[in-house]
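The values are calculated or read from the model by the stated rules, or taken from the named source; none is laboratory data. If you're wondering where the values come from, they're calculated on a predicted model, not measured in any experiment. Cβ: placed from backbone, ideal geometry, glycine included. Neighbour counts: every protein chain shown. Keep in mind that these areas ignore ligands, DNA and RNA; they rest on the heavy atoms of the full protein, side chains included. Shrake-Rupley method; radii C 1.70, N 1.55, O 1.52, S 1.80 Å.
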Amino acid sequence: MKSNFKYILGLSLLILGIAACEDEDKNPLNVFELEDSAAPYVRIKLDETIVAKGDLANSTFSGTVDDPSDNVASWDLSVTLESGGVSSDTVPLATITEFPSDLSIPYTDIASALGITVDDISGGDFIRFLGESTGTDGTVTTVANYSATLTGQPEQLQAFNFIILVKCSPVSGTTVPGTWVIEMQDLYGDGWDGAFVTFEIDGATTDYTFTAGDAATFNVNVPEGTSSLVISYTSGAFEEEHVYTIETPDGEVLGPFGPNPSPCIN
């Protein structure tokens, strides 16, 4: 009897738990349902989702905004910068009142809206965009009204919360193919505490680090025919201890980078 009671109690709790999860996970608004109940959903197709740091001064954030149910009166776009896990204040950026509509905003204008310049944006940063739609019936909608899996079609994003990744620029102005030498130091003498240097060779990445001692050296062979080399740094703990230099195949020494190295070497 005791065993049966446990089984019944467990089954009841399981059913209640499933029901609670279902209620919590339910999308509170319809998108592609009946015309009179469709939510003011906006989607965006971006031309690019990644921009190189070195291209920010001459590049434009661009894409096409659409409202598939034809029931959106306006869409307000705001922006924030996420750097090192810290977000800046969110500021207004643009308002769209016609759909579909092409969107084109220079990154210099985005930086200006944030109160900075493009030089203040680093590789590894995220430019996060937040949208708010107002329906023709006055309904105001944000990302909180939609489930995380609701994205329209595969090539399209919710126009309520999306990012552009800032990537380190490819190395230029030196010979790329050949042997590159990374000299790492830890000023405390206990390895790099989770930090690492990444060599991205035509899209293929390899990380270099050391976990004990005060120094390490790595030789990196960049093959002939390589069209793009990106070198970046990912931080760990105790950044004030990390220093490194990089020697090019021509014998030029870049750096020292650190203590507290930046994400990009150029």
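On the given criteria, is residue 134 touching a residue at least 24 places away in the same chain (Cβ under 8 Å), closer than 18 Å to residue 38 by Cα and either in contact with a Lys or Arg (Cβ under 6 Å, 6 or more places away or on another chain) or not basic (Lys, Arg) (or both)?
For residue 134, the condition - touching a residue at least 24 places away in the same chain (Cβ under 8 Å), closer than 18 Å to residue 38 by Cα and either in contact with a Lys or Arg (Cβ under 6 Å, 6 or more places away or on another chain) or not basic (Lys, Arg) (or both) - is met.
So which strands (runs of 3 or more DSSP E) stay within region 33-130 end to end and still have 3 or more residues that are modelled with pLDDT of 95 or more and either in contact with a Ser or Thr (Cβ under 8 Å, 6 or more places away or on another chain) or open to solvent by less than 20 Å² (accessible area, probe 1.4 Å) (or both)?
60-66, 72-83, 91-96, 101-106
Step by step: first the residues of region 226-261, then only those that are open to solvent by 70 Å² or more (accessible area, probe 1.4 Å) and assigned to a loop (DSSP other than H, G, I, E, B), then the one that is nearest to residue 198 (Cα to Cα). Which residue is that?
Step by step, filter region 226-261, then rank; the result is 235.
Any chance region 173-188 includes a residue that's polar (S, T, N, Q), in contact with a strand residue (DSSP E or B) (Cβ under 8 Å, 6 or more places away or on another chain) and part of a loop (DSSP other than H, G, I, E, B)?
Looking for residues that are polar (S, T, N, Q), in contact with a strand residue (DSSP E or B) (Cβ under 8 Å, 6 or more places away or on another chain) and part of a loop (DSSP other than H, G, I, E, B), one finds none in region 173-188, hence no.
Would a scan of region 178-186 turn up a residue that is closer than 27 Å to residue 240 by Cβ, modelled with pLDDT of 95 or more and loosely packed, with under 15 Cβ neighbours inside 10 Å?
There is no residue in region 178-186 that is closer than 27 Å to residue 240 by Cβ, modelled with pLDDT of 95 or more and loosely packed, with under 15 Cβ neighbours inside 10 Å.
Given the criterion touching a Pro at 6+ places or on another chain (Cβ under 9 Å) and either within 30 Å of residue 251 (Cβ to Cβ) or part of a strand (DSSP E or B) (or both), identify the matching residue among 206, 211, 134.
Just one listed residue meets the conditions, 134.
Can you find a residue that is polar (S, T, N, Q) and touching a Leu at 6+ places or on another chain (Cβ under 9 Å) anywhere in region 174-184?
Yes, there is a match, as at least one residue in region 174-184 is polar (S, T, N, Q) and touching a Leu at 6+ places or on another chain (Cβ under 9 Å).
Can you confirm whether region 127-150 contains a residue that is among the aromatic types (Phe, Trp, Tyr) and in contact with a helix residue (DSSP H, G or I) (Cβ under 7 Å, 6 or more places away or on another chain)?
No.
Can you tell which of 197, 166, 181 is touching a Phe, Trp or Tyr at 6+ places or on another chain (Cβ under 8 Å) and closer than 30 Å to residue 67 by Cα?
Only one candidate qualifies: 166.
Please work out if residue 169 is under 23 Å from residue 50 (Cβ atoms), open to solvent by less than 20 Å² (accessible area, probe 1.4 Å) and not hydrophobic (A, V, I, L, M, F, W, C).
Spelling it out, residue 169 is indeed under 23 Å from residue 50 (Cβ atoms), open to solvent by less than 20 Å² (accessible area, probe 1.4 Å) and not hydrophobic (A, V, I, L, M, F, W, C).
Among the candidates 67, 55, 76, single out the residue that is acidic (Asp, Glu), within 17 Å of residue 136 (Cα to Cα) and in contact (Cβ under 8 Å) with a residue 60 or more places away in the chain.
None of the others qualify; the one that does is 67.
Does at least one position in region 85-98 carry a residue that is within 18 Å of residue 156 (Cβ to Cβ) and in contact (Cβ under 8 Å) with a residue 12 or more places away in the chain?
yes
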